[in-house]
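Read through the structure below, which is laid out as structure tokens, and then see the notes.
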Amino acid sequence: MIIRTLKMENFRQFFGSQFIEFGSQEQNQFVTIVHGENGRGKTGIYRAILFALYGDRHLDQDSSDSNIVLTNIKALEEDRKNEHKGVQCIVQLEFTHENKLFTIEREIMAYLEEDGNIIERVQRVQLHNHDLQETITDEEKVQAWIHSILDERVKNYFFFDGERIERLTRASHQQRLEIASGIKNLLKIDHLLKARNVLTHIQRNVSKQLQKYSTGEYKKTLTKKMEIEEQLEGYKKRKLQLKEESDSIESQIHHIDEQLQAFHEKADEISKRKELERFAEKLEEERQFAMKQLTQFNGTLQLLLAKDALFFVKAQLDQLLGKEEQESTIRLELLDQILADLTCICGTKIEENSKAFHHLETLRKTVKQKENQKDLYQFKAELLKLLGYLEDKDKTLQSLLEGVKQKEQELEEIWQQIDYMNQRLKDTAIEDLDQLNRKREELVQQRAKVNFQYQDLEEKIHQAQSVLEQLEWSLRDLKVKSGVHQKLIRKLEEVEQSNKAMDRMIKQFEQDVISELELVSTQNLFYLLDESGRMNIKKVKVLDDYSLEVINSFGQPFLANISQGQRQVLSLSFITALAQVAGGTKSLELPLFMDTPFGRLSGKHQQNLLDYIPQVCSQWILLVTDKEFGESEKRRLVEQGYVGKYYVLESTEPGVTQIIEKPIK
Amino acid sequence: MTPVDQPISTEALFQAYTFTEYQRTVFKCFAFKQTGTILEEKELYSHVEKIADQGCQHLVENILTDLVFVDENGVVSLKPGQELEMQKKLSTFVSNQLINVPF
């Protein structure tokens, strides 16, 4: 297939009808460059080609929940404002295949509803063979026809997004199986597999016929042989299933290991968070202790509130009782007796109305007055005692309160830090880590079980094959003795031999193809890699499922250690090798369509690609940005004389891009 | 033993003799401040009961507003889980009273 033209009508950013003619093999100018900044519609062109060929409305890189609208938004808006009949969105691709001209066209009818919702409906698909003047409009037939040119399962090897091309080296088990089938189809290995299946079917039918017409020991042995063959078939199927299970488990373990690695990278932060959480716990204990001390102060707290009143009343009492007065030590009864007897306690006589007598009378008055104020004195003593107790207690309260507030503030700061770390680690919940470890453990156990079953099955297959071999020998002996149905016996023998020969041939062919793919991929990789890459990588290995591995100078697998850019180069080496091997002596007649292929490549890798790809492909369509593909890169390709067409995508208004052809030189 | 579905006691839990010597001094102080005399015990408790009632009301209405709820019968209860917060508010209130001398 060589793409000649692409016409888009109201597709993605391309408002109205727009057209690209691609460089052709005439005059060897088969390189087309489409230059556009981000958002100008390069991927729109990529979408248009995959939509036209395969009816794809989503690309692999689109997220599953994204709502991709293929119809041009401006056209939809204008239609809503005007007649509101709907917009026709058409993609038409013209290509040649085996020197015949074809046109494939797909049409979508789209409506923009009043609420802004967009409805798109595929209206029509049509494949027209210009030579035969035939048109196919049935979707399934169109798909089958395109599939016969380029198997959909390997389309991403020829139409690819450069940013994601290295994913081909990271495909899941299921993807690898599909890709392997696609590659076998591309390399025509599946034709041989189909032929072998036909032979197996014939062999089974002949065996059944022979079983029907034979008798005695021969029939018994033949029946036994057929049973064993059936059993063997079952074992082989089960073995394949177990292999798939084992690969799937392996891939899950790998996925979990990647996640665990991410945890590991955050382990420092997690341990710091744990430390903070422990510190927060300690602070919480300290806060509770401070709070407890404050609570224990409650008895004093209420008294403190009365401190002002206590001082006020003390001042009142002072006024009432006099500040300097001491409580009298002389009792009133004693004074009364001295005054009645007119004799002092020392025996001295006191004369009535003498100076001493008057002193004693004054003292008696004072003592009597004091005795009347006894309660007040007692009250004042109580007050003084309490005030003494409360001295400095207000400072104690403040200090206790400060203690609580300080602990609360410290705690708040720690929790802020923990919250911040939680934000950073929110995708790394520790529960997930435990769950992942548990899941991994389960998977490892499951893997051991599956591997055991697999080995057991291999043993059973080996035994069944031995039994089958013995039965075949027995049948040969019995055949001589029976002398009947010689024709059928010979027929079975010949079919069996053909089947075995076919098996050997397929194995040999597949081995040859894989060896050739390895050789060419290695050559391509060496051409494309820079010097340091060449030093590290010795060989490309194509595994049985057509997945890739690279081997280093010490003969060890090295794929896990190479960079993303190197993975991209490896994928490109394999793709070009695939095109070379599938093409045989000439280049495979398929385009290499690359959307932003150089983004992750270093200068040397890119330079090597620009020199090499034109030598190994029939058509190269490059969608590039100015960052990855400047004037010097363009000049390099132009000077080689391969560039046939050069376009620039220019934005004319929001959401509308114009495809403008520019002179090559 | 009291059945579980009956209140433990309907009698007042606080009685005069549960007060400390210092508390009694404070009561006498409040009474003396207002009456200028030292009241007999019975009169004294009746007097401070009124003051305590007003104090409680002041606290509920001004200091502990966020921490209490009053039911339809006017019974004031502390919101569950707010015990420590109340402790802090009371302590802060007392501390502020000691700093902001009212005279």
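Computed from the coordinates by the stated procedures, all read-outs in this text should not be read as laboratory data. Source: prediction; values computed, not measured. In this analysis, Cβ positions are derived from the backbone assuming ideal geometry, glycine residues included, and neighbour counts consider all displayed protein chains.
Just a few scattered comments:
- Global form of the stretch A:361-433, assessed from the alpha-carbon gyration tensor, a/c cut-off 1.5: prolate
- Against chain A, whose longest principal axis comes from its Cα atoms, helix A:42-54 is set at around 50 degrees.
- Here, the stretch B:63-103 has an Rg and a Dmax of 12.9, 39 Å when only alpha carbons are counted.
- Translational diffusion of the stretch A:513-665 was estimated from the Stokes-Einstein equation, with Rh taken as the Kirkwood radius over Cα pairs; at 4 °C and 1.567 mPa s the coefficient is 77 µm²/s.
- Under 5 Å, built H, 5+ apart or other chain: amide partners of A:Val34: A:Leu622, A:Leu623, A:Val624, A:Tyr647
- q = 0.08 Å⁻¹: log10 I(q)/I(0) that the Debye formula gives for the protein assembly as shown, counting C-alpha atoms only: -0.91
- Spin-label pair A:Glu412/B:Glu61, simplified geometry with 7 Å Cα→Cβ offset, distance in nm: 3.1
- Shape class for the stretch A:444-557: oblate, because the ratio a/c of the largest to smallest gyration tensor axis (alpha-carbon atoms, square roots of eigenvalues) is 1.5 or more and b/c is at least a/b.
- Approximate spin-label separation A:Gln486-A:Leu334, in nm, with each point projected 7 Å along Cα-to-Cβ: 16.4
- Three-way shape call for the stretch A:58-132 based on the alpha-carbon gyration tensor, with the a/c threshold at 1.5: oblate
- Hull-based mean projected area of the stretch A:187-248, where the convex hull spans the alpha carbons, in square nanometres: 5.4
- Between A:Glu494 and A:Glu459, the FRET efficiency from the beta-carbon distance, with R0 = 41 Å, is close to 0.80.
- With both labels modelled 7 Å from their Cα along Cα-to-Cβ, the A:Asp544 to A:Gln288 distance reads 6.3 nm.
- J(HN,Hα) series, the stretch A:231-237, from Karplus relation 6.51 cos²θ - 1.76 cosθ + 1.60, nearest Hz, glycine and proline x: 4, 4, 4, x, 4, 5, 4
- Within chain A, helix-based [θ] at 222 nm, where runs of 4 or more DSSP H residues each add -39,500 (n - 2.57), nearest 500: -21000 deg cm²/dmol
- On Cα atoms only, tilt of A:631-640 relative to the major axis of chain A in degrees: 10
- Share antiparallel - DSSP beta bridges, the protein assembly as shown, percent rounded to 5: 75
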